[in-house]
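Here's the structure, in structure tokens; my notes come after.
The values are calculated or read from the model by the stated rules, or taken from the named source; none is laboratory data. Just so it is clear, the model here is predicted, and its values are computed rather than measured. Here the Cβ is made from the backbone with ideal geometry for all residues, glycine too, and neighbour counts use every protein chain on show. Just so you know, the surface numbers come from the protein's heavy atoms only, side chains and all, with ligands and any DNA or RNA stripped out. Shrake-Rupley method; radii C 1.70, N 1.55, O 1.52, S 1.80 Å.
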Amino acid sequence: MAQWAVERPDLDVSPQGIIGRLHRLAARLTEELVAVYGEYGLGEGEFDVLATLRRAGAPYELTPSELGAQTMVSSGAVTKRVDRCVEQGWVTRRVSDNDARGRVVALTDAGFDVIDRAFGAHMANEHRLVGHLDEMERARLAHLLEKWGRALGPGA
């Protein structure tokens, strides 16, 4: 930023101090999160699918469209993620009871077990990652990020 101030004194480059740090922080946080998922044999995509099904509540099943909407990924990405989960025995894919053209993805007992263990470790990890901030700082940061996200629109 200091170099830009010399080279382009006509521009306010102060947003770089926020956006650059957020970008680096997001990459570092992803590394920290993925490491814990890996301890349970999960990648980001598998964790996302299993966590979404688990938090949906009994009977722990959703359509691929619902999974895509809740995980904010394309239908192709949902298919790949679900395929990997099926291969591991964590989910099943079946024809919908309501529509023979539709499919339903359901959590298996093995999937339920792995996501419950992984999610407990994930939450402990997230607490560790925000542990350098006190409760008031965490609340303020969450509020500011939510406000900024709303201003940027859907998907932010």
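Restricting to the range 88-133, name every residue that is of a type in the set (Val, Ile, Thr) and within 21 Å of ALA58 (Cβ to Cβ). Once the filter is applied, which keeps residues that are of a type in the set (Val, Ile, Thr) and within 21 Å of ALA58 (Cβ to Cβ), the range 88-133 yields VAL91, THR92, VAL95, VAL104, VAL105, THR108, VAL114, ILE115. Each residue in the range 7-28 was checked for being among the β-branched types (Val, Ile, Thr) and open to solvent by 60 Å² or more (accessible area, probe 1.4 Å), and 2 pass.
Any residue that is within 13 Å of the chain's Cα centre (by Cα) and either modelled with pLDDT under 95 or open to solvent by 40 Å² or more (accessible area, probe 1.4 Å) (or both) - is there at least one of those in the range 56-63? Looking through the range 56-63, none of the residues is within 13 Å of the chain's Cα centre (by Cα) and either modelled with pLDDT under 95 or open to solvent by 40 Å² or more (accessible area, probe 1.4 Å) (or both).
Among the criteria (1) loosely packed, with under 10 Cβ neighbours inside 10 Å; (2) under 17 Å from the mean Cα position of the chain (by Cα); (3) outside any helix (DSSP H, G or I), the one GLU31 does not fulfil is (3).
No other residue among ALA100, ALA69, ALA121 is of a type outside the set (Val, Ile, Thr) and open to solvent by less than 60 Å² (accessible area, probe 1.4 Å) apart from ALA121.
For GLU44, the criteria (1) closer than 24 Å to GLY149 by Cα; (2) open to solvent by less than 70 Å² (accessible area, probe 1.4 Å); (3) touching a Leu at 6+ places or on another chain (Cβ under 9 Å); (4) not hydrophobic (A, V, I, L, M, F, W, C) hold in every case but one, which is (2). Only one entry of LEU50, LEU25 meets the criterion of being at pLDDT 95 or above and within 13 Å of the chain's Cα centre (by Cα), and that entry is LEU50.
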